[in-house]
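What follows is calculated from the coordinates using simple rules that are stated; it is not laboratory data. These figures come from a predicted structure and were not determined experimentally. Using ideal geometry, Cβ is built from the backbone for each residue, glycine included, and neighbour counts are taken over all protein chains shown.
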Amino acid sequence: MSDIDALKEKLKKLSARATSRKMDLHDLSEELPVNWQNIMTVAQATHDAFAELEALRKELKAAEKASA
């Protein structure tokens with residue numbers, strides 16, 4: 001498996017995780033004010049997942065550009 005293929009596989013898994021975190025945040029917002037104490041924890045996990053996803057997308061784009 002090439003580096004690009006490995007990055008694409010990692011991106012796929014990370015994208016699924018980010019989507020899951022987004023749904024966690026959405027579900028929490030639907031339940032408010034119940035569990036309002038978890039807002040910062042869930043929001044931080046969502047933020048971290050999407051930040052990592054964005055960084056990986058940039059890494060993949062650079063790798064694809066370098067191999068072209």
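Within region 4-32, which residues are over 12 Å from the mean Cα position of the chain (by Cα) and surrounded by 13 or more Cβ atoms within 10 Å (Cβ to Cβ)? Explain how you work it out, then say what you get.
The initial filter retains those residues of region 4-32 that are over 12 Å from the mean Cα position of the chain (by Cα), namely 4-9, 24-32.
Answer for region 4-32, where residues must be over 12 Å from the mean Cα position of the chain (by Cα) and surrounded by 13 or more Cβ atoms within 10 Å (Cβ to Cβ): Ile4, Leu7, Lys8, Asp24, Leu25, Leu28.
The set of residues in region 1-30 that are in contact (Cβ under 8 Å) with a residue 24 or more places away in the chain and of a type in the set (Lys, Arg) comprises Lys8, Lys10, Arg17, Arg21, Lys22.
Going by the conditions given, is Ile39 in contact (Cβ under 8 Å) with a residue 60 or more places away in the chain and either under 18 Å from Glu64 (Cβ atoms) or hydrophobic (A, V, I, L, M, F, W, C) (or both)? It is false that Ile39 is in contact (Cβ under 8 Å) with a residue 60 or more places away in the chain and either under 18 Å from Glu64 (Cβ atoms) or hydrophobic (A, V, I, L, M, F, W, C) (or both).
Determine if region 42-61 includes at least one residue that is free of Cβ contacts under 8 Å to residues at least 24 places away in the same chain, out of contact with any Asp or Glu (no Cβ under 6 Å at 6 or more places or on another chain), of a type in the set (Lys, Arg) and surrounded by 11 or more Cβ atoms within 10 Å (Cβ to Cβ). The answer is yes, given that some residue of region 42-61 is free of Cβ contacts under 8 Å to residues at least 24 places away in the same chain, out of contact with any Asp or Glu (no Cβ under 6 Å at 6 or more places or on another chain), of a type in the set (Lys, Arg) and surrounded by 11 or more Cβ atoms within 10 Å (Cβ to Cβ). In region 33-62, of all residues being closer than 29 Å to Ser2 by Cα and of a type in the set (A, V, I, L, M, F, W, C), the one that is farthest from the chain's Cα centre (by Cα) corresponds to Ala62.
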